[in-house]
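Okay, structure first, notes after.
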Amino acid sequence: MDVCVILTYRCNSKCSMCYVWQNPTKADEEISLNTLRKIPSGIDYLNLTGGEPTLRLDLPEIVDLLYPKAMTLEISSNGLLSERLEPIIRKYPDIKIRFSLEGFGETNNMIRGERDGDKKKIDGLFRLKKLGAKDIGIATVIQDDNSEGVVELFRFAKKHGFELATSTLHNGFQFHKSDNFPYDRLKIAKYMEDLIAEMLKGVNVKNWFRAYLNMGLMAKLLGNRRMLPCAAAEDFIFIDPWSDVYACNVRPDLKLGNLETQDWDEIWNSPSVEEVREKVHNCTQNCWMVGSAKTAMRQKKYPKLPSAGPLLWVVYNKLKIMFGGKINFERYIDNKTAAQDKQVYYREFYLNKDVKRNIQLKSDNHYSIFGKFINK
Ligand code: SF4
């Protein structure tokens, strides 16, 4: 099972596609070490994220506690305070670190609302690499404002031994907004086709499967159905900063329990689990986030191995590219169904803007007020 722990909703970026930074948690209300202790050993993949996880001053203790419980531990950070990760990497060089980077210069800085964010992150990646980090990389949200540069970003990552993880715009309760729709889906898809072909060219097997994952992102973007069924509440869960456990980070109605007030087994043995799984089974949200895609792409029994569909796709298309052929995207994705949003949305950028922050308290009625989340 994969577990994603949102350690905090405090954040020092001002992203245009996520308003967590406008709605921070109170530090003393965030999930405690005692609650995190209840997560059992044997987790396949444990992701520590936020908000910005490095704002938790007890992050080193959290890592000490959770590192032995997971086969892979990832810290997803914006990379602005990378020096806080240095002692962690010195101790655990095999921890996976991903920094959110949307491109170079203004592309990143506008989308993420960060002053010189791109430089800070890239410097941070090189410093961590020098310290011996074994699995570091970039995470980027492919959207209208950066899709043109995504192949360049991939080549940069590859050249320096960094990984590139991708996602695309989607809505979800934790973002405090529900208008994360692309303006020009076909344009973004075109650049994604280039990225997929580029990923299949090299010798890095992980990138071949990332190419498949990007096919899924294209399918979502163009309004096709998910390429593989979702296994939320079976193969992965989210825990929010108030210790509430959810099947995923899109639908706030898929709550499984609370890890502060309940034990792990109590949550999994509660009757609500089956109800939530049924809802997941019938879910019509067309999302394909890394969490739900990655788990769907691998075998249940041997989570290090890919399932048959992605494996066959990779073998067939890798051979095609090797022998000078091209991927027949139309065979997998119907781009005629691509919804071009009638209304042209404009995502506001917050680089130089002061915005009033509303602290979210534990006593608030979280998520129910944040509208409907449709990933059309
Ligand atoms: S498909 Fe539904 S249940 Fe699965 S992650 Fe998306 S919103 Fe959640």
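The values are calculated or read from the model by the stated rules, or taken from the named source; none is laboratory data. This structure is a prediction, so every number in the text was calculated from the model and none was measured. Here the Cβ is made from the backbone with ideal geometry for all residues, glycine too, and neighbour counts use every protein chain on show.
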Looking at the range 255-305, which of the residues that are over 29 Å from Ala139 (Cβ atoms) and assigned to a helix (DSSP H, G or I) is modelled with the lowest pLDDT? Ser272
Where the second residue is surrounded by 18 or more Cβ atoms within 10 Å (Cβ to Cβ) and among the acidic types (Asp, Glu) and the first is farther than 16 Å from Ile97 by Cβ and lies in the range 34-51, which pairs have Cβ atoms under 6 Å and are six or more apart or on separate chains? Asp44/Asp2
Of the residues Asn249, Asn258, only one is within 20 Å of Ile31 (Cβ to Cβ), away from the ligand (no atom under 11 Å from the Cβ) and in contact with a strand residue (DSSP E or B) (Cβ under 9 Å, 6 or more places away or on another chain); which? Asn258
From the options Val314, Val273, residue that is away from the ligand (no atom under 13 Å from the Cβ), within 16 Å of Glu234 (Cα to Cα) and of a type in the set (Val, Ile, Thr): Val273
Could we say that Ile95 is of a type in the set (Val, Ile, Thr), crowded, with 17+ Cβ neighbours inside 10 Å and under 29 Å from Lys353 (Cα atoms) here? no
When residues of the range 180-216 are limited to those that are part of a loop (DSSP other than H, G, I, E, B) and touching a strand residue (DSSP E or B) at 6+ places or on another chain (Cβ under 9 Å), the one modelled with the highest pLDDT: Asn204
Within the range 217-234, can one find any residue that is within 12 Å of the ligand (Cβ to nearest atom) and part of a strand (DSSP E or B)? yes
Could you check the range 17-60 and list, in sequence order, the residues that are surrounded by fewer than 23 Cβ atoms within 10 Å (Cβ to Cβ) and among the hydroxyl-bearing types (Ser, Thr, Tyr)? Tyr19, Ser32, Thr35, Ser41, Tyr45, Thr49
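Within the range 235-246, take every residue that is under 30 Å from Ala211 (Cβ atoms) and more than 10 Å from the ligand (Cβ to nearest atom) and give me the one that is modelled with the lowest pLDDT. Can you show your working first?
Residues of the range 235-246 that are under 30 Å from Ala211 (Cβ atoms), as a first pass: 235-238, 246.
Now drop any that are not more than 10 Å from the ligand (Cβ to nearest atom), which leaves 235, 237.
Details: Asp235: 91, Ile237: 96.
The residue in question is Asp235.
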